[in-house]
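Scroll down for the structure; my scribbles are underneath it.
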Amino acid sequence: IVVGSLEILGNPTGLVRSIGTGVSDFISLPYSGLTRGPGAFVSGLTMGFGSLVKNVSAGMITSVTNFASSVSRNMDRLSFDSTHLERQEENRRNRPVGVSDGLKQGLTGFGISLL
């Protein structure tokens, strides 16, 4: 469990947990709706499918983000440039306000890292 939750691996334990939750909801919600009638079954199927998509996508995005962040931090340390390392750590502390701000910060950080 400890090795599976390491960020350097992208937290595969969290990914499996998210997928498991989505699959469980995908099966249990329509089943519980089946006992209450066809309308509840369709509603349960819709909610179960929505939960499956939400949990799988959130688990995948979180896992990829953790892995990329870990690789980025290690590559910054391997550059042996203390000013670059300090600038990147300060940028990581500044949380984006919205999607556009997050994209701007990400692309700026990527460009500076390449330079």
Pairs needed: first member in the stretch 54-83, more than 30 Å from SER24 (Cβ to Cβ); second member anywhere, part of a helix (DSSP H, G or I) and modelled with pLDDT under 85; C-beta distance under 6 Å; at least 6 residues apart or different chains. ASP76/LEU85; ASP76/GLN88
Sort out which residues of the stretch 55-99 are open to solvent by 60 Å² or more (accessible area, probe 1.4 Å), in a helix (DSSP H, G or I) and of a type in the set (Asp, Glu), and write them in order of number. GLU86, GLU90
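The values are calculated or read from the model by the stated rules, or taken from the named source; none is laboratory data. Keep in mind that this is a model prediction, so the values were computed, not measured. Don't worry about glycine lacking a Cβ; one is built from the backbone with ideal geometry, like all the others, and counts go over all protein chains shown. Surface accessibility is based on the protein's heavy atoms, side chains included, excluding ligands, DNA and RNA. Shrake-Rupley method; radii C 1.70, N 1.55, O 1.52, S 1.80 Å.
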